[in-house]
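K.L.:
Here's a structure for you.
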Amino acid sequence: MANKVLIATGEGTDGQVFTSNGAGAAPTFKDAGGGGAVPRFKVRMTSTQSVTNNVINFDNVVIDTESDFNTTLKRWVASVAGDYQVNCRISSQSAVTSAKYFDGAIRKNGSAIERLSANISATHYPVLSFATLVTMGVGDYLDLYISTNNGTTTLSSGARTEFSGFLIAAA
């Protein structure tokens, strides 16, 4: 059999890649990532927030491909089961003074799955930044919790305090 070159006709659309369909078959355009949009979210606060022991009130949805972030309940609810990378940054706009702690936690269904603390020995404006991998079922939720023994702390708004995540492998 002679060597053949099969050429696809047409054009792909935004978000598609040119994909081989195996020997002897014409290549085609398919959605990148194997089948469509990858679920992802990124949220921020539009204004500062005073906290003691609270779920952070993210009210500015920057990205939410599946419309899964609930600004009323302050949580992201998975609509696609799988493994997700989740990231957060929490910045204090007010000084945290000596002998105090500033503790942030990524929570799944209300229980901490990843936690990071800053123990302060002098006046400081702490920033916590951390990430984790988490397996989510449909309906599981994530939120970001902050606690401090410094009384009320004011969190920075905008990109200084944000929460994000994306699917890395569907179940």
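Laboratory data are not the source of any read-out in this text; all were calculated from the coordinates shown. What you see is a predicted model, and the numbers here were worked out from it, not measured in a lab. Cβ sites come from the backbone with ideal geometry, for glycine too, and all protein chains shown count toward neighbours.
K.L.:
Quote to one decimal, in nm, the extra length available between residue 130 and residue 149 on full extension: 0.36 nm per residue of separation minus the C-alpha distance between them.
P.N.:
Extending this stretch completely gives an extra 4.8 nm.
K.L.:
Now, a different point. Between the range 147-171 and the range 48-122, what's the alpha-carbon centroid distance in Å?
P.N.:
What the calculation gives is 3 Å, centre to centre.
K.L.:
Assign unit charges at the C-beta atoms only (+1 for Lys and Arg, -1 for Asp and Glu), then state the dipole size of the range 51-171 relative to its Cα centre in Debye, rounded to the nearest 20.
P.N.:
Working: 8 positive and 10 negative charges, 86 e Å.
That gives the range 51-171 a dipole magnitude of about 420 debye.
K.L.:
Spin-label point model (7 Å from Cα, Cβ direction): what's the residue 71 to residue 87 distance in nm?
P.N.:
Roughly 2.3 nm, to one decimal.
K.L.:
Among 51, 86, 43, what is the fewest-to-most ranking by other Cβ atoms within 10 Å? Spell out each step's value before the answer.
P.N.:
Details: 51 19, 86 22, 43 25.
Least to most surrounded, the residues fall as 51, 86, 43.
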